[in-house]
Amino acid sequence: MKLPTVKQLRYLVALDEHCHFGQAAEACHISQSGFSIAIKELEELLEIQLIDRTNKSVTITAIGKLIVTKARLCLNELEKLVDIPADYQKPLSGKLTLGVIPTIAPYLLPAMLKGINTEFPELKLYLKEQITSLLYDELISGHIDLMLVALPYEFKYVEVLPLFKDRFLLAHHKQTLWLNKGKDLLNQLKEDSVLLLEDGHCLREHALSACKLLHTGKINRFSGTSIHTLLHMVNNDLGVTFIPEMAEQSVLLLGSQIELEAVNEDSYREIGLVWRKNSSHHGEFRMLGEFIRACVASGVGELSNKFAKPIT
C-alpha cells in the first residue's frame with residue numbers, strides 16, 4: 001500500500017490553515033506550482049477530491065476536512081516520536097499546548113506557571129484561552145494537546161483527570177438591595193437578582209446546577225461575557241452573581257464595594273485535565289495534573305483556595 005508522504009500531509013494542513021495556495025506554499029517554503037502538484041498527487045493517491053478550486057477561493061471538501069484532522073494528528077505524533085528519547089529521560093520536557101477556559105486562566109495560571117517553570121524547566125508550555133466547546137474541537141483535531149476545564153462536561157474520545165473542587169461564592173454589593181440577609185442565602189435572593197455569563201460559558205450551567213437555581217425567576221435576563229463584566233455590575237449593585245472561589249483574590253475585587261459569601265459545601269464545580277484517549281503522553285499528563293493539584297492544595301503563590309480538595 002502506498003502511503004502519503006509527510007510533506008504531502010504538511011502541505012494539506014497548511015492549505016487548510018491559509019485557504020490560499022500561494023500563502024500556503026510560501027509558508028511551506030516551496031513554489032506554488034510544486035505545492036499544487038503535491039496536493040494533486042495526494043488526491044490521486046487517496047482517490048478523492050480534497051479541494052474545491054475556483055479562481056477566487058480554495059475550499060476544503062467535507063471529506064477533505066476529515067483527512068486534514070487525521071493529517072494534523074499524524075504530524076503531531078511524528079513530532080512527539082522524535083521527542084521520545086529526550087522525554088524518556090526528562091518527563092514533561094519539550095513543547096506542550098494547553099487549552100484553558102477563561103473562568104480558570106486568569107486566576108489559576110499565574111501561580112501555576114511559576115511553579116511549572118521551576119519544577120519543569122525543560123517544558124515549553126504554550127497556552128490557548130477559549131470556551132470549553134471550542135477547546136474540545138481543537139483537542140480532537142490535534143491543535144492542542146490537553147485542556148484545563150471545569151467539570152462536569154460531556155466529552156467523547158478523551159481521558160479526564162479530576163483535580164480539585166472549586167466552590168462557588170456569592171458576590172454582592174456591601175449594601176445590596178437584592179439580598180435579604182439570612183442563614184439560607186440562596187432562598188434570600190430576590191427576583192431578577194442573579195447575573196450570569198452568557199450561554200456557551202460552562203460556568204453559567206455549573207453555577208445554576210450547583211447553586212440549585214435552575215428555572216427560577218431569580219435569574220436576570222442580562223448575560224455577561226466575562227466575570228469582569230459581572231463584577232462591575234455587582235459593584236454598582238445591579239444584581240448579584242456567583243464566582244468561583246479561585247477568583248477570590250482577583251484584582252477586580254481590590255478596593256471594590258463587593259462582599260463575598262460562602263454558599264454551601266455542595267455548591268462547587270470540579271476542575272480537571274482532559275486529553276485525547278490513548279495518548280502516548282498520558283503518563284506525563286497525569287504527572288502535570290498531580291502537580292497542579294498539589295499547587296492548589298498547598299496554596300502556592302497567589303492561590304489561596306482553602307476549600308481545594310482532591311476528588312475521591
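Using only alpha carbons, build the gyration tensor for the range 195-247 and give me the equivalent ellipsoid semi-axes, biggest first, whole Å. Intermediate values should be presented prior to the final figure.
Working: eigenvalues 50, 34, 22 Å².
Those come to 16, 13, 11 Å.
Please express the Cα-Cα pair-distance distribution P(r) of the range 1-126 as a list of whole percents, one per 5 Å bin, running from 0 to the bin with the greatest distance.
2, 9, 16, 17, 13, 11, 12, 10, 7, 4, 0
Quick one: give the max-minus-min coordinate of the C-alpha atoms of the range 6-73 along each principal axis, largest first, in Å.
26, 24, 20
What do you get for the angle between helix 32-46 and the principal long axis of the chain? Use alpha-carbon atoms, 0 to 90 degrees, nearest ten.
90
To make sure I understand, if each residue's beta carbon is the centre and we count other beta carbons within 10 Å, what order do L230, L46 fall in, fewest to most? Walk me through the numbers on the way to the answer.
Values: L230 25, L46 14.
The fewest-first ordering by Cβ neighbours comes to L46, L230.
Ignoring solvent entirely, what values of log10 I(q)/I(0) come out of the Debye formula for the chain at 0.06, 0.09, 0.10, 0.11 Å⁻¹ when each Cα is a single scatterer?
Log-scaled intensity ratios, in q order: -0.28, -0.59, -0.69, -0.79.
Kindly put I131, I67 in sequence by how many other C-beta atoms sit within 10 Å of each C-beta, fewest to most.
Lowest to highest Cβ neighbour count: I131, I67.
On alpha carbon coordinates alone, what is the Rg over Rh value for the range 165-268, Rh being the Kirkwood radius? List each step's numbers first, then the result.
Working: Rg = 12.2 Å, Rh = 13.4 Å.
So for the range 165-268, dividing Rg by the Kirkwood Rh gives 0.91.
Would you mind telling me the antiparallel percentage of the DSSP bridges in the range 165-268, rounded to 5?
70
How long is the gain from V82 to I48 if the chain were fully straight, where each residue apart is worth 0.36 nm and the alpha carbon distance is subtracted?
Extending this stretch completely gives an extra 9.2 nm.
Within 10 Å of each candidate Cβ there may be at most 11 other Cβ atoms; applying that plus a DSSP loop requirement, which chymotrypsin sites (Phe, Trp or Tyr not before Pro) in the range 94-185 survive?
Answer by residue number: Y157.
Would you list D199, D16 from fewest to most Cβ contacts within 10 Å?
Neighbour counts put them in this order, fewest first: D199, D16.
Antiparallel as a % of all DSSP beta bridges within the chain, to the nearest 5?
Within the chain, antiparallel bridges account for around 65 percent of the total.
Given the DSSP H assignment, sum -39500 (n - 2.57) over each helix run of at least 4 residues in the chain and divide by its residue total; what's the result at 222 nm in deg cm²/dmol, nearest 500?
Roughly -13000 deg cm²/dmol at 222 nm, from the helical runs in the chain.
For the Cα atoms of the chain, what angle does the longest principal axis make with the long axis of helix 6-18, in degrees from 0 to 90, nearest 10?
So the helix axis and the longest Cα principal axis differ by about 50 degrees.
If each residue of separation counts as 0.36 nm, what is the full-extension length gain between Q188 and E41 once their alpha-carbon separation is subtracted?
46.1 nm is the gain from fully extending Q188 to E41.
Using the Karplus curve 6.51 cos²θ - 1.76 cosθ + 1.60 with θ = phi - 60°, work out ³J(HN,Hα) for each residue of the range 231-242 in order, rounded to whole Hz, and write x for Gly and Pro.
For the range 231-242, the Karplus curve yields 5, 5, 5, 5, 5, 9, 6, 8, x, 10, 8, 10 Hz.
Write out the GluC sites (Glu not before Pro) in the range 1-101 meeting two conditions: DSSP loop, and at most 16 other Cβ atoms within 10 Å of their Cβ.
E47
How far, in degrees from 0 to 90, does helix 282-298 lean away from the longest principal axis of the Cα atoms of the chain, to the nearest 10?
For 282-298 against the chain, the angle is about 20 degrees.
Computed from the coordinates by the stated procedures, all read-outs in this text should not be read as laboratory data. Please read all numbers here as calculations on a predicted model, not as lab measurements. Every residue, glycine as well, gets a Cβ built from its backbone with ideal geometry; the counts of neighbours run over all protein chains shown.
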